[in-house]
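Colleague: I'd like to ask you about the structure that follows.
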Amino acid sequence: MPREGYPAATVEEYLAAVPADKGSALRVVRDRLVDAVPDAGQVISYQVPTITYRGVGLVALSVATSHCSLHLMSPPLARSLGGSLPEGRMSGATLQFPADAPLSEETVRRIASLRMAEVDARLDAR
């Protein structure tokens, strides 16, 4: 399902522009990500809130008509997680979840940890 457009210059502007229930769910997940990612940055990239780590896009958040999304930004990671997450529904490299059930701290930490390991490996190999 395509993302709805919510033009914003900052993450806070995006969260304020989306429907309230989805904005609330995204705030919960965003806050959990910021807690899990050392020195996390928050930027708008490709028109959606993106959490950065070591200056690199780590994961992104967005809303669609019927759900919220956590974009893993790593098809290999999404494939490796296939069927192992206790919540949400994987579609490609995106974990979809309902606004009334934000992703748990455990799921967010697991994904953040695995994505940070990917980024570390790529940057440290340089």
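Colleague: At most 16 other Cβ atoms within 10 Å and a DSSP loop assignment: could you name the GluC sites (Glu not before Pro) in the stretch 19-126 that fit?
Modeller: For GluC sites (Glu not before Pro) across the stretch 19-126 that sit outside H, G, I, E and B with at most 16 neighbouring Cβ atoms in 10 Å, the list reads Glu87.
Colleague: Give the distance, in whole Å, between the Cα centre of the stretch 110-126 and the Cα centre of the stretch 39-71.
Modeller: Spelled out, the Cα-based centre of one part sits 16 Å from the other.
Colleague: Helix 20-36 sits at what angle to the longest principal axis of the chain, using alpha carbons and giving 0 to 90 degrees rounded to 10?
Modeller: 20
Colleague: Can you run phi through the Karplus equation (6.51, -1.76, 1.60; θ = phi - 60°) for the stretch 83-90 and list ³J(HN,Hα) in whole Hz, with x for Gly and Pro?
Modeller: Karplus values, whole Hz, x for Gly and Pro: x, 9, 8, x, 8, x, 9, 7.
Colleague: Work out from phi, with θ = phi - 60° and the Karplus expression 6.51 cos²θ - 1.76 cosθ + 1.60, the ³J(HN,Hα) of each residue of the stretch 93-103, listed in order in whole Hz, and give x for Gly and Pro.
Modeller: Computed from phi, the couplings for the stretch 93-103 are 9, 10, 9, 8, 8, x, 4, 8, 9, x, 4 Hz.
Colleague: Cα axis of helix 105-124 to longest principal axis of the chain: angle in degrees, 0 to 90, nearest 10?
Modeller: 50
Colleague: Just to be sure I understand the model, the point goes 7 Å from the Cα along the line to the Cβ. What's the resulting Ala20 to Asp120 distance in nm?
Modeller: 4.2
Colleague: To the nearest 0.05, how large is the calculated FRET efficiency for Ser84 and Glu13 if R₀ is 30 Å and r is the Cβ-Cβ distance?
Modeller: Computed FRET efficiency for Ser84 and Glu13: 0.30.
Colleague: Multiply the residue separation of Ala101 and Val43 by 0.36 nm, subtract the distance between their alpha-carbon atoms, and state the gained length in nm to one decimal.
Modeller: 18.5 nm
Every read-out reported here was derived from the displayed coordinates using simple, explicitly stated rules and does not represent laboratory data. Owing to the predicted nature of the structure, the values given are computational and were not obtained by experimental measurement. Note that each Cβ is placed from the backbone with ideal geometry, even for glycine, and that neighbours are counted across all protein chains shown.
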